[in-house]
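Taking it in order: structure first as structure tokens, then the write-up.
The values are calculated or read from the model by the stated rules, or taken from the named source; none is laboratory data. Owing to the predicted nature of the structure, the values given are computational and were not obtained by experimental measurement. Backbone-built Cβ (ideal geometry, glycine too); neighbour counts: all protein chains shown.
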Amino acid sequence: MLNLGQLVNTVQKNCHISDARHAGDFTLCIFLLKMREFFRWENDIPFARDLPREEVGVWLQEREGLWSDLEESPFESLLLEGRQLDPFDADSVNRELIPQGYVYSGGYGRFSKPHFFLGSLLKKEKRAGYTIYISACEYARDLEAPPAMLQGKTIYVRQESVRRFLWEKIEEWRWNRKNEAMERALDCYSFDLDVNSALERMTENETEAMILHELGEGLAGEKLGDEWHRMITAFSRSKAEIMIRAVRDILADCLSTLPALLAANNTASLHFYFANFTGMRKHLFPEAMAAYQDWARENDIGVLRKLVDEGQHRWLDTARTLLSLYQDKGQDAAAAIENLLEPGTESAACCQPKTASNL
């Protein structure tokens, strides 16, 4: 019999250890926003209800004290069926949990931060050679809860985290309504009529978009090979890592996410995609936002199709160029990669192919 309470406690402790080691990765503003939502999750507070400020402040101090105690602690093994399992061996853990209606993942994200979660299994799918687990209620999670992750040939989609991610984006827009793409996305769901129903419809729609992105990550991985992951590890916590991850994200979306959304004429998800096309991706690929604005203004879907077709070749060539630099220079390639990708430089212009690659 599964001792769910014991398992939840162990997974959550590992989440706390990861947070203790990596809380400093965030800017102060992002850290406080994530902590507020973490408090909301731990206390099961509805999205529409304001958080009690004094309680959040006391909880924040207590959490930082807990992290201080745990920062040097090793991750704990998971006890299942009388065996001690490595917390990063998600496949072995899930062989025990999936038949009982639960799902677990343990892997690494940005800046090599470990991510763990345990939740109830909502759905299992097979698509394009990948196993997709969609979870509902989450019993254990860390501060940063990625809504979807690819690990090997398995995709984990956390609908509770998808819902929370969407709510955070909605709240951000309500504070600063300058994001026209976000306004268009929300208009597709009629949030002004029924917030809860609209949020559920948006969650279902964006769950599919996230699956498409992770499938694109898988396709990109098949084209780029294992050397790509070694390159990311070599440049951990650097601007080069952020750039490299952005290149692969763009490639994944050109290979899978955007073609599928365009084929389905999924207007709501297209608006939401470009509402969140920010940071390094926008910095490296400003043409994407220009094409979106043309589409929004002229209603000509052809500009987006052209963007995607050209983007598949351009970003695959760019990714392969980064790999070549890494293979030639090793860890000394960071400066060359940054120079190559920086928009407006001669090197950046050279990495945009004049002819199509063989996909």
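Do the conditions hold for Arg164, that is, is it at pLDDT below 95, crowded, with 17+ Cβ neighbours inside 10 Å and either out of contact with any Ser or Thr (no Cβ under 9 Å at 6 or more places or on another chain) or assigned to a strand (DSSP E or B) (or both)?
So Arg164 passes the test.
Let me confirm something: among Glu76, Glu72, Glu64, which residue is acidic (Asp, Glu) and part of a helix (DSSP H, G or I)? Steps first, answer last, please.
Values: Glu76 fails: part of a helix (DSSP H, G or I); Glu72 fails: part of a helix (DSSP H, G or I).
Step by step, each of Glu76, Glu72, Glu64 is checked, and only Glu64 is acidic (Asp, Glu) and part of a helix (DSSP H, G or I).
Pick out the one residue from Gly57, Gly82 that is exposed (fewer than 12 other Cβ atoms within 10 Å of the Cβ) and on the phi > 0 side of the Ramachandran plot. Outline the logic, then answer.
Values: Gly57 fails: on the phi > 0 side of the Ramachandran plot.
Result: Gly82 is the single residue among Gly57, Gly82 that is exposed (fewer than 12 other Cβ atoms within 10 Å of the Cβ) and on the phi > 0 side of the Ramachandran plot.
Can you tell me which residue among Asp194, Asp226, Asp142, Asp187 is crowded, with 18+ Cβ neighbours inside 10 Å and not hydroxyl-bearing (Ser, Thr, Tyr)? Full working, then the answer.
Working: Asp194 fails: crowded, with 18+ Cβ neighbours inside 10 Å; Asp226 fails: crowded, with 18+ Cβ neighbours inside 10 Å; Asp187 fails: crowded, with 18+ Cβ neighbours inside 10 Å.
Going through Asp194, Asp226, Asp142, Asp187 in turn, just one is crowded, with 18+ Cβ neighbours inside 10 Å and not hydroxyl-bearing (Ser, Thr, Tyr): Asp142.
Determine, yes or no, whether Phe31 is in the same structural domain as Pro147 (by TED's automatic domain parsing), of a type in the set (A, V, I, L, M, F, W, C), part of a helix (DSSP H, G or I) and out of contact with any helix residue (DSSP H, G or I) (no Cβ under 7 Å at 6 or more places or on another chain).
On the way: in the same structural domain as Pro147 (by TED's automatic domain parsing): yes; of a type in the set (A, V, I, L, M, F, W, C): yes; part of a helix (DSSP H, G or I): yes; out of contact with any helix residue (DSSP H, G or I) (no Cβ under 7 Å at 6 or more places or on another chain): no.
Spelling it out, it is not the case that Phe31 is in the same structural domain as Pro147 (by TED's automatic domain parsing), of a type in the set (A, V, I, L, M, F, W, C), part of a helix (DSSP H, G or I) and out of contact with any helix residue (DSSP H, G or I) (no Cβ under 7 Å at 6 or more places or on another chain).
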